[in-house]
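One structure is given below, encoded as structure tokens.
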Amino acid sequence: MKAITQASYGGPQVLELADIPTPQLKDDEVLIRVRNSSINAGDDVLMKGDPYLVRAVFGLTRPRVKVRGRDTAGEVATVGAAVTRFEVGDEVYCESSTGSFAEFTRVPEKFVARKPNSLTMEQAGCVPLAAVTALQGLRKVGKVQPGQQVLIIGASGGVGSYAVQIAKALGATVTGVCSSAKVAFVRSLGADAVIDYSTESVGTHHGEFDVIFDIAGVDDLHGLRSALKSDGILVLAGGKGGKWLGPMRRSSGAVLAATFRRQKAKILAASRNSADLEFLTELFDAGSVTPYVDSAYPLNDVPAAFEKFESGQVRGKIAIKI
Ligand SMILES: NC(=O)c1ccc[n+]([C@@H]2O[C@H](COP(=O)([O-])OP(=O)(O)OC[C@H]3O[C@@H](n4cnc5c(N)ncnc54)[C@H](OP(=O)(O)O)[C@@H]3O)[C@@H](O)[C@H]2O)c1
């Protein structure tokens, strides 16, 4: 099968379109004929091996999993002997840990959900990682309740474009933070207010927010604490951070600093989960949340898709058509 693989860490130029064997199924797995995927920040991190901490976990000189991509939307091609919930031909979506910029990928049944009827394959391929991250950050970690004031920093990106819509669907009043060029986009997602970070600092909004979902990971932590209510929750999802540890140093510093306060700081470590995908399916089918596809690239143009991702020009998600 055709797949985008890499034999070393680096920029998009290390990616190659290769012919590799179709994956061998385990009993509890389904083989999916991948139709669509998308670019996530995590794919970029693994491609580059940046920060170095990633190399300690995923492979010292090159990633152990050679095929990039996690988001998966497609049809079930084969089922393992122990699979009970799916049949050949079912349209599904999920996250793959063995690579989805490929014609086929294998995924344990427990991580797979049916594709929402209301979404195209292209939209469904842009959902799993970013939307589940947004849902878990807001609902499981941030414990967002109806009527709360929620601030989303990084509202225009992959995770953020879902977070704005999901927080609204959970009944919150939402303020999004983004760059000047994307203010109209974040409003179009349903944000009640937008902060343009080039002209206004979050820290000037004293004690306004019950939950701050920090996806961008660049703001001064003192300012974020000042914008939180006295019993508010800061959810730390990401950011670039330093060359060795990435965002870990800033995030763990925030958690330590909150130890003796009523304000809480919590690190989000999102994990794939079919129950969360099924909850999202209800939101998509009800029309409460819509994936926003900025642009689409074919499999052989994945390096160009990464260049676009790194350009800072993207609104929402970049789709990959297999
Ligand atoms: N913890 C977890 O489990 C988990 C899971 C998934 C992703 N993540 C992390 O979440 C982050 C975002 O991922 P993504 O796929 O959504 O990436 P993305 O699509 O590139 O989005 C990045 C966002 O950051 C915003 N941003 C950049 N500089 C900013 C600033 N100074 N102030 C406010 N916002 C700023 C961008 O807004 P503008 O373009 O408007 O500048 C953009 O909306 C990554 O660091 C990723 O590693 C964490």
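Which value in nm describes the separation of the simple spin-label points at residue 1 and residue 17, placed 7 Å from the Cα toward the beta carbon?
For the pair residue 1/residue 17, the computed spacing is 1.7 nm.
Using a 1.4 angstrom probe on the protein heavy atoms only, line up 133, 259 by accessible area, largest first. Could the numbers behind the result be given before it?
Values: 133 20, 259 75 Å².
So the residues, ranked largest to smallest area, are 259, 133.
Got the relative contact order for the chain handy, in percent, Cα pairs under 8 Å and 6 or more residues apart? Mind dumping the intermediate values first?
On the way: 793 pairs, mean separation 62.8, N = 322.
Relative contact order, the chain: 19 percent.
Excluding ligands and nucleic acids, what accessible area in Å² is computed for residue 166 using a 1.4 Å probe, to the nearest 10?
0
Would you mind counting up the charge near residue 250? Only other residues with Cβ under 15 Å from its Cβ, with Lys and Arg at +1 and Asp and Glu at -1. Don't skip to the answer; put the middle values down first.
On the way: positive: 225, 240, 243, 249, 266; negative: 214, 219, 220.
So the environment of residue 250 carries a net charge of +2.
GNM, the chain, Cα, under 10 Å: largest mean-square fluctuation among 173, 204, 72?
204
Explain nothing, just compute: Karplus ³J(HN,Hα) = 6.51 cos²θ - 1.76 cosθ + 1.60, θ = phi - 60°, for every residue of region 136-150 in order, whole Hz, x for Gly and Pro.
Along region 136-150, the couplings run 5, x, 7, 8, 7, 8, x, 6, 4, 10, x, x, 6, 8, 10 Hz.
Can you tell me which of 162, 292, 52 moves the most in a GNM of the chain? Springs connect C-alpha atoms under 10 Å apart.
In this elastic network of the chain, the residue with the biggest mean-square fluctuation among 162, 292, 52 is 52.
In the neighborhood of residue 39, defined by Cβ-to-Cβ distances under 12 Å, what is the net charge if each Lys or Arg adds +1 and each Asp or Glu adds -1? Show your work: numbers first, answer last.
Working: positive: 68, 70, 308, 317; negative: 43, 44, 71, 294, 301, 307, 310.
Residues close to residue 39 contribute a combined charge of -3.
Return the calculated 222 nm mean residue ellipticity for the chain, to the nearest 500 deg cm²/dmol, obtained by summing -39500 (n - 2.57) across DSSP H runs with n ≥ 4 and dividing by the residue count.
Values: 10 runs with 82 residues, N = 322.
Value at 222 nm, helices only, nearest 500: -7000 deg cm²/dmol.
I need the shape label for the chain. Rule: rounded when a/c is under 1.5, else prolate if a/b > b/c, else oblate, with a, b, c from the alpha carbon gyration tensor.
Values: a/c = 1.80, a/b = 1.49, b/c = 1.21.
In terms of gyration-tensor shape, prolate.
If the label point is 7 Å along Cα→Cβ of residue 285, which residues in region 112-155 have backbone nitrogen under 15 Å from it?
Only 113-120 pass the distance filter.
Taking Cα pairs under 8 Å and at least six residues apart, what relative contact order does region 1-87 come out at, in percent?
After rounding, I find 39 percent.
Can you give the charge dipole size of the chain about its Cα centre, rounded to the nearest 20 debye, using +1 on the beta carbon of Lys and Arg and -1 on the beta carbon of Asp and Glu?
Once rounded to the nearest 20, the dipole reads 880 debye.
Taking Cα centroids, how far is region 62-92 from region 124-162 in Å?
If we compute the Cα centre of each part, the gap is 25 Å.
May I ask for the net charge around residue 85, where only other residues with Cβ less than 13 Å from the Cβ of residue 85 are counted and Lys, Arg are +1 while Asp, Glu are -1?
On the way: positive: 110, 114; negative: 28, 29, 87, 90, 109, 278.
Every neighbour counted, the sum reads -4.
R0 = 22 Å: FRET efficiency of residue 260 with residue 173, Cβ-based, nearest 0.05? Could you put the intermediate results ahead of the total?
On the way: r = 29 Å, r/R0 = 1.33.
With a Förster radius of 22 Å, E is 0.15.
Cα gyration tensor of region 130-267, axes a ≥ b ≥ c as square roots of the eigenvalues: rounded (a/c below 1.5), prolate (a/b > b/c) or oblate? Working shown, then result.
On the way: a/c = 1.38, a/b = 1.22, b/c = 1.13.
Rounded.
Evaluate the distance, in nm, between pseudo-label points positioned 7 Å from the Cα of residue 206 and of residue 52 along their respective Cα→Cβ axes.
Using points 7 Å along Cα→Cβ, the separation is 4.3 nm.
When only C-alpha pairs under 8 Å and at least 6 residues apart count, what is the relative contact order of region 130-267, in percent? Don't skip to the answer; put the middle values down first.
Working: 290 pairs, mean separation 27.9, N = 138.
Computed over region 130-267, the figure is 20 percent.
Give the angle, between 0 and 90 degrees and rounded to the nearest 10, that separates the Cα long axis of helix 274-285 from the longest principal axis of the Cα atoms of the chain.
80
I'd like the FRET efficiency for residue 193 and residue 271, computed as 1/(1 + (r/R0)^6) with the beta carbon distance as r and R0 of 22 Å, rounded to 0.05.
Working: r = 31 Å, r/R0 = 1.41.
According to the calculation, E is roughly 0.10.
Which of the listed residues, 194, 132, 158, is farthest toward the dipole's positive end in region 130-267, when Lys, Arg count +1 and Asp, Glu count -1 at the beta-carbon?
Going by the Cα projections, it comes out as 132.
The values are calculated or read from the model by the stated rules, or taken from the named source; none is laboratory data. Everything numeric here is computed off the predicted structure, so don't read it as measured data. For neighbour counting, all protein chains shown are included, and Cβ atoms are generated from backbone atoms with ideal geometry for every residue, glycine included. The area values use the complete protein model at the heavy-atom level, side chains included, leaving out ligands, DNA and RNA. Shrake-Rupley method; radii C 1.70, N 1.55, O 1.52, S 1.80 Å.
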